[in-house]
Amino acid sequence: MESHESNEQTQGTARRALLGAAALGAGGAVLGLPGAARAADARGRGHREGLKSLPRPTIIGHRGTSGYRPEHTFGSYDLALDLGADVVEAGDLVPTKDGHLVCRHEPEIGGTTDVSAHPEFAGRRTTKVLDGAPTTGWFTEDFTLAELKTLRAVERIPANRPHNTLYDGRWEIPTFEEVLRWQDEETRKRGKQVWIYPETKHPTYFRKLGLGVEERVAKLLQKYRKDRRNSPVIIQSFEPTSIQRLNKLVDNPLVVLLSTANSRPWDFVETGDPRTVADLITPKGLREIAGYAQGIGPTLDLVIPRDANGRLTTPTTLVADAHRVGLLLHPYTMRNENPFLPAEYRKGTDADAYGDAFGAFRTYFATGIDGVFTDNADTGLLAREDFVND
């Protein structure tokens with residue numbers, strides 16, 4: 001068995017090869033017309049065709065390209081585009097004390113920023129009940145935007161991604177408005193319409209605090225004229241009522257995220273709705289979702305369940321059932337590292353070692369999904385190329 005050191009060297013060579021291949025592919029795609037003409041042509045096509053303009057299966061950069069950079073930073077978002085991601089999940093939206101929307105995986109920021117190293121904020125550490133779970137740390141709603149801008153992002157799972165810690169402290173927390181401006185600038189620079197896929201995080205929790213997320217999202221989308229049916233902004237949420245609310249505020253493509261089958265969306269818990277995700281993925285539940293959304297984002301295990309040993313079993317009928325009512329499927333999340341892969345695709349036991357991600361991608365693509373969230377956009381793109389050319 002190879003030593004950890006030699007295994008890391010092998011992985012490093014493979015990662016660099018993947019990065020280089022993907023970057024060359026992404027660069028080649030924008031050669032040809034002058035930049036302004038390419039951008040105008042791309043924007044015209046994207047706005048006319050909307051979701052139909054995206055390749056299938058669509059490769060969605062999860063929180064940017066968080067396999068290589070700390071998540072929800074412009075470093076992560078930029079690299080996702082450099083690697084060729086079709087869509088960038090920028091970002092998970094949570095409000096500040098003064099009502100701005102910022103991009104963080106959760107409102108608790110102890111694990112994704114250097115806030116614990118700021119003595120001036122030591123007194124902000126507290127315990128709150130977030131969607132029924134006691135959570136201790138620092139929360140965005142207790143900081144002004146100016147205060148959050150003094151913090152810097154760090155890697156969230158350093159045990160799995162020690163190489164990402166190289167970039168700790170390099171980037172600040174982006175706002176959603178900055179992301180919308182970045183989207184326009186990158187579309188112009190790259191001559192290709194940049195798509196984003198923001199998520200409303202814990203909207204019921206924030207509404208009870210007087211910080212409604214949906215109205216803030218809608219206001220910014222309207223300000224930047226990105227609230228139309230064919231606008232290159234897909235909005236997602238784990239709370240169906242958040243998507244229903246957005247459906248009345250904007251015309252963007254909307255997606256309902258779905259966790260494990262036995263879980264209940266938190267807005268259902270709050271309102272006493274007894275249904276679980278298992279109820280939402282029945283033909284009846286999917287028809288209801290199709291009445292206000294264009295797609296679903298199920299966990300991968302809802303597409304192909306795993307057994308007690310972590311191995312894949314028989315695919316469910318979810319893909320066919322969703323397609324039957326006109327819903328697309330963008331399941332989450334494909335990651336290259338062993339702990340996140342089905343057991344039969346793992347190689348060795350190192351937590352940060354890559355397994356056979358290409359084999360896993362191929363298996364999930366074969367179910368007919370319309371796209372997938374991945375932390376490694378370059379791997380996803382090469383896997384798609386293999387799949388469509390097989």
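Per-structure values
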| quantity | calculated |
| --- | --- |
| Which listed residue is closer than 27 Å to residue 86 by Cβ and in contact with a Phe, Trp or Tyr (Cβ under 8 Å, 6 or more places away or on another chain), from 304, 289, 196 | 304 |
| Residue under evaluation residue 341, criteria (1) in contact with a Lys or Arg (Cβ under 9 Å, 6 or more places away or on another chain); (2) aliphatic (A, V, I, L, M); (3) in contact (Cβ under 8 Å) with a residue 24 or more places away in the chain, criterion not met | (3) |
| Any hit, the stretch 122-135, residues being in contact (Cβ under 8 Å) with a residue 24 or more places away in the chain, surrounded by fewer than 23 Cβ atoms within 10 Å (Cβ to Cβ) and either polar (S, T, N, Q) or closer than 27 Å to residue 350 by Cβ (or both) | yes |
| Among (1) modelled with pLDDT of 95 or more; (2) farther than 22 Å from residue 79 by Cβ, the one test that residue 348 misses | (1) |
| Residue check for residue 94: in contact with a helix residue (DSSP H, G or I) (Cβ under 6 Å, 6 or more places away or on another chain) and within 21 Å of residue 215 (Cβ to Cβ) | yes |
| All positions within the stretch 283-321 that are touching a residue at least 24 places away in the same chain (Cβ under 8 Å), within 23 Å of residue 242 (Cβ to Cβ) and part of a loop (DSSP other than H, G, I, E, B) | 292, 293, 294 |
| Subset of the stretch 106-121 [within 29 Å of residue 352 (Cβ to Cβ) and open to solvent by 70 Å² or more (accessible area, probe 1.4 Å)] | 116, 117 |
| Given (1) aliphatic (A, V, I, L, M); (2) in contact with a Ser or Thr (Cβ under 9 Å, 6 or more places away or on another chain); (3) without any contact (Cβ under 8 Å) to a residue 60 or more places away in the chain; (4) more than 25 Å from residue 99 (Cβ to Cβ), index of the condition residue 166 fails | (2) |
| Some residue of the stretch 279-295 being farther than 15 Å from residue 329 by Cα, in contact with a helix residue (DSSP H, G or I) (Cβ under 9 Å, 6 or more places away or on another chain) and surrounded by 21 or more Cβ atoms within 10 Å (Cβ to Cβ) | no |
| Answer residue from the stretch 205-245, given it is open to solvent by less than 70 Å² (accessible area, probe 1.4 Å), part of a helix (DSSP H, G or I) and free of Cβ contacts under 8 Å to residues at least 60 places away in the same chain and is nearest to residue 93 (Cα to Cα) among those | 214 |
| Residues within the stretch 175-201 that are of a type outside the set (Phe, Trp, Tyr), closer than 19 Å to residue 148 by Cβ and surrounded by fewer than 22 Cβ atoms within 10 Å (Cβ to Cβ), tallied | 5 |
| Qualifying positions in the stretch 346-390 - open to solvent by 10 Å² or more (accessible area, probe 1.4 Å), in a helix (DSSP H, G or I) and either within 21 Å of residue 64 (Cα to Cα) or in contact with a Cys (Cβ under 6 Å, 6 or more places away or on another chain) (or both) | 358, 381, 382, 384, 385 |
| Whichever residue in the stretch 45-65 is under 28 Å from residue 215 (Cβ atoms) and small (Gly, Ala, Ser) and, among such residues, is surrounded by the fewest Cβ atoms within 10 Å (Cβ to Cβ) | 50 |
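Yes or no, residue by residue, for (1) open to solvent by less than 60 Å² (accessible area, probe 1.4 Å); (2) out of contact with any Gly (no Cβ under 8 Å at 6 or more places or on another chain); (3) modelled with pLDDT of 95 or more:
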site: 304; (1), (2), (3): yes, yes, yes
site: 307; (1), (2), (3): no, yes, yes
site: 310; (1), (2), (3): yes, yes, yes
site: 314; (1), (2), (3): no, yes, yes
site: 328; (1), (2), (3): yes, no, yes
site: 332; (1), (2), (3): yes, no, yes
site: 337; (1), (2), (3): yes, no, yes
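The values are calculated or read from the model by the stated rules, or taken from the named source; none is laboratory data. Note that the coordinates shown come from a computational prediction; the quantities given were computed from them, not determined experimentally. Cβ atoms come from the backbone with ideal geometry, glycine included; neighbour counts cover every protein chain shown. Heads up: the accessible areas ignore ligands, DNA and RNA and are worked out on the full protein's heavy atoms, side chains in. Shrake-Rupley method; radii C 1.70, N 1.55, O 1.52, S 1.80 Å.
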